[in-house]
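Since the structure comes first, as structure tokens, the remarks are kept for the end.
No lab work stands behind these numbers, since they all come straight from the coordinates. Because the structure is a prediction, the values reported are computed rather than measured. Glycine also receives a Cβ, built like all others from the backbone with ideal geometry; neighbour counts cover every protein chain displayed.
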Amino acid sequence: MTALAERLDMAVTLATEAAALALRMRPSPGAATAALKGAQDWLTEADGAVERLLSQRLQLAWPADGFQGEEGGKARSGSLRWVVDPIDGTANFMRGGKRFCVSLACLEGDTPLIGVIVATALDETFVARAGIGARLNGAPIRAAATADLARATVELGWSRRRPTADFLALTERVIAAGAMPRLNGSGALGLADVAAGRTDAYAELHINLWDVAAALVILAEAGAIVSPFMQGDGPLTGNPILACAPGIAASLSAATGIAL
Ligand code: IPD
């Protein structure tokens, strides 16, 4: 087995274990009690516990690999680097919702090579490795063949990191172009849905590396068209993202103003 194949197997095992831990720690439905990093920016105990588990297990398995997590930042460096979002979709998770996941990627420099997204409460595991394809629960996935925005569903991502007016303008442009907008609260799962052909695009004006690192491999392997997230300071400070079914990529890029 090659070094990357071994890492992929281990990544699936560890992300599954981490996602099970998250599920055990998921709060019951009701008013949110989690701490806030800022308005609408949640920090749950599970975020820290899941990130620690992945960091420790990966260090044991590959001491020379780097590690970067949403909560702890760049903890270790290495030519291969693991990038983790311990819980993506925190706003759903901390209300007892199902739409959250653990996102785990392995990068060489700034090139994502392995992507694993485990959504335990949905019973869904997305897995991809550069050059060998993308799968959902073991079955190959492909971006949709949609060619007309009037038939397209586009998920939008929102955070307070960009002005409200810019988000509203993006939403208006997507609707004016003929597409149906959605907002489901997990960037990683929103992107994975494009790869699986369940939506036609995902657009967000600013997103961070840990939210997208695993999905970038899954999208590329599923034949989706994705904006150059890694360009400029993307890996450090984030970038906009547009991920599309190929047949609507040019028209949606023109409509949203997010370059491909
Ligand atoms: C957020 C979610 C959200 C996206 C934001 C992310 P978190 O991550 O993915 O859907 O729109 O940009 O920050 O807080 O759930 O890890």
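Selection over segment 143-188 of residues that are touching a residue at least 60 places away in the same chain (Cβ under 8 Å) and in contact with a strand residue (DSSP E or B) (Cβ under 8 Å, 6 or more places away or on another chain) gives a count of 14.
The combined condition, being more than 11 Å from the chain's Cα centre (by Cα) and on the phi > 0 side of the Ramachandran plot, is not fulfilled by G247. Considered as a group, the residues in segment 198-246 that are in a loop (DSSP other than H, G, I, E, B) and farther than 23 Å from L149 by Cβ include one that is nearest to the ligand (Cβ to nearest atom), and that residue is N208. Any residue at all in segment 147-154 that's within 16 Å of the ligand (Cβ to nearest atom) and part of a loop (DSSP other than H, G, I, E, B)? No, the conditions are met nowhere in segment 147-154.
Can you spot a residue in segment 179-187 that is surrounded by 14 or more Cβ atoms within 10 Å (Cβ to Cβ) and either aliphatic (A, V, I, L, M) or away from the ligand (no atom under 15 Å from the Cβ) (or both)? The answer is yes, given that some residue of segment 179-187 is surrounded by 14 or more Cβ atoms within 10 Å (Cβ to Cβ) and either aliphatic (A, V, I, L, M) or away from the ligand (no atom under 15 Å from the Cβ) (or both). Restricting attention to segment 74-124, the residues that are within 17 Å of W210 (Cα to Cα) and of a type in the set (D, E) total 4. Take the conditions (1) in contact with a Phe, Trp or Tyr (Cβ under 7 Å, 6 or more places away or on another chain); (2) more than 15 Å from the ligand (Cβ to nearest atom); (3) without any contact (Cβ under 8 Å) to a residue 12 or more places away in the chain; L36 misses just one of them, which is (2).
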